[in-house]
Amino acid sequence: MDFDLNKQNLREVNQHLQNVDRKKNTRKFKISNPQGQHAICAGLKDDIDVTIKGHTGYYCAGMNQKAAITIHGNVGTGVAENMMSGKIIVKGNASQSAGATGHGGTLIIEGDASSRCGISMKGIDIVVKGSVGHMSAFMAQKGNLVVMGDADADLGDSIYEAKIFVKGKVKSLGADCVEKKMNKKNIDELTKLFKKLNISEDPKKFKRYGSSRNLYNFKIDNVGAY
Amino acid sequence: MKKDLKEFKTFPSSTIKEIQRAANEGIYQIRGLGAKRKVPDFDDLVFLGASMSRYPLEGYRETCNTSVILGDRFAKKPIKLDIPITIAGMSFGALGANAKEALGRGASEMGTSTTTGDGGMTQEERGSSKYLVYQLLPSRYGMNPDDLRKADAIEVVVGQGAKPGGGGMLLGQKINKRVAGMRTLPEGIDQRSACRHPDWTGPDDLEIKIQELREITNWEKPIYIKVGAARPFYDTTLAVKAGADVVVLDGMQGGTAATQDVFIEHVGIPTLGALREAVDALKELNMHRKVQLIVSGGIRSGADIAKAMAMGADAVSIGSAAMMALNCNADLYIEDYKKLGTEPGYCHHCHTGKCPVGVATQDPKLEKRLNPIEAGKRIKNYLTTLTLELQTLARANGKSDVRNLEPEDLAALTVEAAAMARVPLAGTDWIPGKK
Ligand SMILES: Cc1cc2nc3c(=O)[nH]c(=O)nc-3n(C[C@H](O)[C@H](O)[C@H](O)COP(=O)(O)O)c2cc1C
Ligand code: SF4
């Protein structure tokens, strides 16, 4: 089923996709002419397939549950923010805060992602085929951020239990973020993730970063780190 | 203190003690509840009452409406509260499950709302609350679209009166297994939440964020924006511009679960002045009563509520006072207050997790001290008392609806309060600063 945001308004399209009639069995949808509109496909909650042909604005696929959404273009701030499950693929680049606070599911960005990618992530897997901007994985709590390119300054600042894997260069690490050993378990995890996502990369070429857990409890000796 | 000894006005003994504490510990104080210093407040105003030019209403015979509709600007399903007194957002984590349940029970019986907090929605509180406002905070702990759809309204928290510009705090003692699980955090860490939202900065972004929240919830839920009293005129203006249905304004006296004392006492402006500025902004935009204004921060009595409403608020919200109705600072378990180094009437130790009366704790033994059913009844009684007081004052000023109270019904007892509330100093027609 096709939608055209030149002809239909966003509410109409979102409402349809949020309440897909299971009996009709139409599970594939296409949206053309997104024209950078905000909140396209926000709040989807069914196991459906949506293809968006063009660039989207803020919060595309926000809070997604179960749906698989592919964007053939660039996305604005907060793509897949607070996503719970499902799979979002961005063929182009992503603006700030991609995958922010995501609890689950997978976000794949084939281009670059701007600053604060994966900020406060809570269990989502984010794979960026390009590079990520500064302060990515800031306060990241859980899940994996995998970057094939480089990471800009202050990666993983104040990170909790999320894991970061970077193949390229890391400009600098943020407070309490350290390089950690890539052990067999990590390599296995990454191998599994790549296999699931059909990505041909060698996990051994990645470095792992995570929390040194020094700032978990407020100690006066650490005050300089804040 | 001996009469013939002269205390340093600049260094009273409490200041000396604090300097020495700082010198020993090397870290600021973190504590709960609101400002302890005296600031101009609603006690500095009085009602004029009715006489020759205004007729009072009969106390037991003539009705005085207290209901209020919140969120009819854009939301398809605004909420209608029976009383204009709501329970403020206090997280499960900061408060125990029994306290949250008691608040829900009491508020529901009175036909008013409760609010979640920095830690997500619990099933107990959804179950016990007739109207539940779901907070969207910078941390987004436990944020979940299913809960968003279950809520009756959504409150985007930009700031809190106790700490405008500061993020949430919950010390390790309170991060037990359940709290940690709900927040996706390791157990026992000192949790310091972000102070800015992760996916928007500034009012233009917020407008888009609100559009997203509305899209996810079918444009049904009223959307509140909560701000700490920093620059209320501009903050209210920008909240209206960003598309709020309701603005929640929290003055500097507002309580907190855990914040630096220096933040509580020195950042933000008193509720009295903040409220007037917010009402000015709504009037200037021709949005007064169209975007509803809920005010909080130091509300204790029906008199406070009546005065806030006379100044232009549509409803109030209570945090600390509701906790006190649950027994916070009550004369019980005195030994346990002593162990915390305090006494009933002085306690601000919510951050320790060792609340002697079982309100602000996750310790199962202490929590048992609060029976949610009995405590729920106390909340109901307290809200009933506040409502009766509010109606008494409204009738005394000749009003058949509490929202008809107006600034003309008020006089100020101090020059400061006259200037902040912009009502005349009692016995004069002088409003400082008004040409
Ligand atoms: C124990 C406690 C926990 C609180 N937790 C939150 C919170 O999670 N989110 C929030 O916006 N405000 C929180 N607040 C602030 C209240 O929502 C409210 O703004 C304040 O309590 C109102 O002032 P009052 O305490 O003088 O009534 C908390 C306050 C207290 C006392
Ligand atoms: S009595 Fe309990 S709720 Fe009240 S201030 Fe003390 S610790 Fe906090």
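The values are calculated or read from the model by the stated rules, or taken from the named source; none is laboratory data. Bear in mind that the values here come from a model prediction, so they are computed numbers and not experimental data. Virtual Cβ from ideal backbone geometry, glycine too; neighbours counted across all protein chains shown. Accessible surface areas use protein heavy atoms only, side chains included; no ligands, DNA or RNA. Shrake-Rupley method; radii C 1.70, N 1.55, O 1.52, S 1.80 Å.
The set of residues in the range B:399-413 being assigned to a loop (DSSP other than H, G, I, E, B) and open to solvent by less than 30 Å² (accessible area, probe 1.4 Å) consists of B:LYS399, B:LEU405.
Among the residues of the range B:196-209, the ones that are facing chain A (nearest Cβ under 10 Å) and open to solvent by less than 30 Å² (accessible area, probe 1.4 Å) come to 7 in all.
Only one of the listed residues (B:VAL316, B:VAL357, B:VAL279) is out of contact with any helix residue (DSSP H, G or I) (no Cβ under 6 Å at 6 or more places or on another chain) and under 16 Å from B:ALA229 (Cα atoms). That residue is B:VAL279. For B:ALA306, the criteria (1) open to solvent by less than 10 Å² (accessible area, probe 1.4 Å); (2) hydrophobic (A, V, I, L, M, F, W, C); (3) within 14 Å of ligand 1 (Cβ to nearest atom) hold in every case but one, which is (3).
Listed here are the residues, each with its yes/no results for (1) in contact with a strand residue (DSSP E or B) (Cβ under 7 Å, 6 or more places away or on another chain); (2) polar (S, T, N, Q).
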{"site": "B:LEU393", "(1), (2)": "yes, no"}
{"site": "B:GLY398", "(1), (2)": "no, no"}
{"site": "B:ALA411", "(1), (2)": "yes, no"}
{"site": "B:THR414", "(1), (2)": "no, yes"}
{"site": "B:ALA417", "(1), (2)": "yes, no"}
{"site": "B:ALA421", "(1), (2)": "yes, no"}
{"site": "B:ASP429", "(1), (2)": "no, no"}
{"site": "B:PRO432", "(1), (2)": "no, no"}
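Filter the range B:122-147 for residues that are within 12 Å of ligand 1 (Cβ to nearest atom) and of a type outside the set (Gly, Ala, Ser) and give the result.
Result: B:VAL133, B:TYR134, B:GLN135, B:LEU136, B:LEU137, B:PRO138, B:TYR141.
Hey, among the residues in the range B:69-87 that are out of contact with any helix residue (DSSP H, G or I) (no Cβ under 8 Å at 6 or more places or on another chain) and β-branched (Val, Ile, Thr), which one's least open to solvent (accessible area, probe 1.4 Å)? Restricting to residues being out of contact with any helix residue (DSSP H, G or I) (no Cβ under 8 Å at 6 or more places or on another chain) and β-branched (Val, Ile, Thr), the top hit is B:ILE79. Do we find a residue being out of contact with any Phe, Trp or Tyr (no Cβ under 7 Å at 6 or more places or on another chain), at pLDDT 95 or above and within 20 Å of A:VAL127 (Cβ to Cβ) anywhere in the range A:10-28? Within the range A:10-28, none of the residues are out of contact with any Phe, Trp or Tyr (no Cβ under 7 Å at 6 or more places or on another chain), at pLDDT 95 or above and within 20 Å of A:VAL127 (Cβ to Cβ). Can you tell me which residue is nearest to ligand 1 (Cβ to nearest atom) among those in the range B:357-376 that are open to solvent by less than 10 Å² (accessible area, probe 1.4 Å) and under 17 Å from B:GLY119 (Cβ atoms)? This residue is B:ALA360.
The number of residues in the range A:125-166 that are under 18 Å from A:LEU190 (Cα atoms) and charged (D, E, K, R) comes to 6.
Where strands (runs of 3 or more DSSP E) fall wholly inside the range A:1-66, the ranges with 1 or more residues that are more than 24 Å from A:ILE108 (Cα to Cα) and more than 14 Å from chain B (Cβ to nearest Cβ) are A:2-4. Which of (1) surrounded by fewer than 21 Cβ atoms within 10 Å (Cβ to Cβ); (2) more than 8 Å from ligand 2 (Cβ to nearest atom) does B:ALA315 not meet, given it meets every other one? Evaluating B:ALA315 over (1) surrounded by fewer than 21 Cβ atoms within 10 Å (Cβ to Cβ); (2) more than 8 Å from ligand 2 (Cβ to nearest atom) leaves (1) as the failure.
Being within 15 Å of ligand 2 (Cβ to nearest atom) and within 16 Å of B:GLU101 (Cβ to Cβ): is that true of B:LEU340 here?
No: the conditions fail for B:LEU340.
Count of the range B:343-370 residues, restricted to those that are more than 9 Å from ligand 2 (Cβ to nearest atom) and touching a Phe, Trp or Tyr at 6+ places or on another chain (Cβ under 6 Å), is 1.
Each residue in the range B:328-356 was checked for being away from ligand 1 (no atom under 13 Å from the Cβ) and in contact with a Cys (Cβ under 8 Å, 6 or more places away or on another chain), and 3 pass.
Contact map, the range B:326-337: first residue farther than 16 Å from B:GLY32 by Cβ, second residue within 16 Å of ligand 1 (Cβ to nearest atom) and among the aliphatic types (A, V, I, L, M), Cβ cut-off under 7 Å, separation 6 or more or different chains; pairs are B:LEU332/B:VAL357; B:TYR333/B:VAL357. Quick one: is B:GLY345 touching a helix residue (DSSP H, G or I) at 6+ places or on another chain (Cβ under 6 Å) and surrounded by fewer than 22 Cβ atoms within 10 Å (Cβ to Cβ)? Judged against the criteria, B:GLY345 is not a match. Summed over the range B:376-398, residues that are over 28 Å from B:PRO56 (Cα atoms) and assigned to a loop (DSSP other than H, G, I, E, B) total 0.
On inspection, B:ILE294 passes the criterion of being within 16 Å of ligand 1 (Cβ to nearest atom), under 11 Å from the mean Cα position of the chain (by Cα) and within 18 Å of B:LYS80 (Cα to Cα). Check whether at least one residue in the range B:18-37 is surrounded by 18 or more Cβ atoms within 10 Å (Cβ to Cβ), more than 16 Å from ligand 2 (Cβ to nearest atom) and of a type in the set (Val, Ile, Thr), and report yes or no. No, the range B:18-37 has no match at all. Look at (1) open to solvent by less than 30 Å² (accessible area, probe 1.4 Å); (2) away from ligand 2 (no atom under 16 Å from the Cβ); (3) more than 12 Å from chain A (Cβ to nearest Cβ) and you find that B:THR259 fails only one, number (2). Restricted to the range A:151-167, and to residues there that are more than 16 Å from the chain's Cα centre (by Cα) and open to solvent by 30 Å² or more (accessible area, probe 1.4 Å), the residue that is nearest to B:ALA194 (Cα to Cα) is A:SER158.
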